[in-house]
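Visitor: Shown below is the structure under consideration.
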Amino acid sequence: MNDFAGRYDWIDDVMEIFALDIVWLMLSVMVYLWFTGREDNQRTVFYAFLTASISLLLAIFFISPEVNHARPFVQHQVIQLIPHAPDPSFPSDHAVLAFSLAFSVLFAKRKLGLVMILLALATGIARVYVGVHYPADILGAIVLSFGMSFLVWRGRKKLESIPNFFIRLYQNLLNRLFGSHE
């Protein structure tokens, strides 16, 4: 995929945005869902952030140091379109975050989840295109994110008191700041 980099400036620009900024759009969706005030949306956000947190911790502190796979620009001649530290590439942290959010939303809200999956795929493809990841780095992120999303989704009934605590805390804070709306 990186072979196409450097040919058309406008495509490079789009891929750079996808590689760096789609995760911010996805995080904005999470913020929007939380602030709708609907408890089902807030639970979805809680489980998405729990999944992303666990997945990223596993990726950053355990998997990546253990695998210790060099980035494409360290091992090969590539067209690197965005700056990046020469740290281990497997799995892609950006893709772990994007797919953790996407799969978590997919389990709870199919239509929005499918859109989020497309955004996560765009992130993954772009990370390879810009020369900072291999396709296997993205695939590893997908597997890790799906597995953790599935485990959190399956265990959500046992964890239910935790998001309920944060939802009540948020509602109490709003009531104190703006008064009760009932």
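No lab work stands behind these numbers, since they all come straight from the coordinates. Because the structure is a prediction, the values reported are computed rather than measured. Cβ sites come from the backbone with ideal geometry, for glycine too, and all protein chains shown count toward neighbours.
Visitor: At a 10 Å Cβ-Cβ cut-off, how would you order Leu97, Leu27, Leu57, fewest neighbours first?
Guide: Ascending Cβ contact count within 10 Å gives the list Leu57, Leu27, Leu97.
Visitor: So, one more: Report, to the nearest 10°, how far helix 135-154 tilts away from the longest principal axis of the Cα atoms in the chain, using its own Cα long axis and a range of 0 to 90°.
Guide: Once rounded, the angle reads 20 degrees.
Visitor: Could you give each residue of the range 12-21 its phi-based ³J(HN,Hα) in whole Hz, using Karplus coefficients 6.51, -1.76, 1.60 with θ = phi - 60°, and x for Gly or Pro?
Guide: Per residue, the Karplus-derived 3J(HN,Hα) values read 4, 4, 5, 5, 5, 5, 4, 5, 9, 10 Hz.
Visitor: At a threshold of 8 angstrom on Cα-Cα distance, excluding pairs fewer than six apart, so keeping six or more, what relative contact order does the chain reach in percent?
Guide: 29 percent
Visitor: A further question on this structure: Exactly which trypsin sites (Lys or Arg not before Pro) in the range 1-61 are in a DSSP loop and have at most 15 other Cβ atoms within 10 Å?
Guide: Those that pass, being in a loop and sparsely packed, are Arg7, Arg38.
Visitor: Fewest first, what order do Asp3, Asp21 take by the number of other Cβ atoms within 10 Å?
Guide: The most exposed by this proxy come first: Asp3, Asp21.
Visitor: In degrees from 0 to 90, rounded to the nearest 10, what is the angle of the helix 161-178 Cα long axis to the longest principal axis of the chain?
Guide: 70 degrees
Visitor: To continue, here is another question. What is the distance in Å between the Cα centroid of the range 87-159 and that of the range 27-79?
Guide: So the separation of the two Cα centres works out to 7 Å.
Visitor: Continuing with the same structure: Mind checking the dipole of the range 2-160: about its Cα centre, +1 per Lys or Arg Cβ, -1 per Asp or Glu Cβ, Debye to the nearest 20?
Guide: 860 debye
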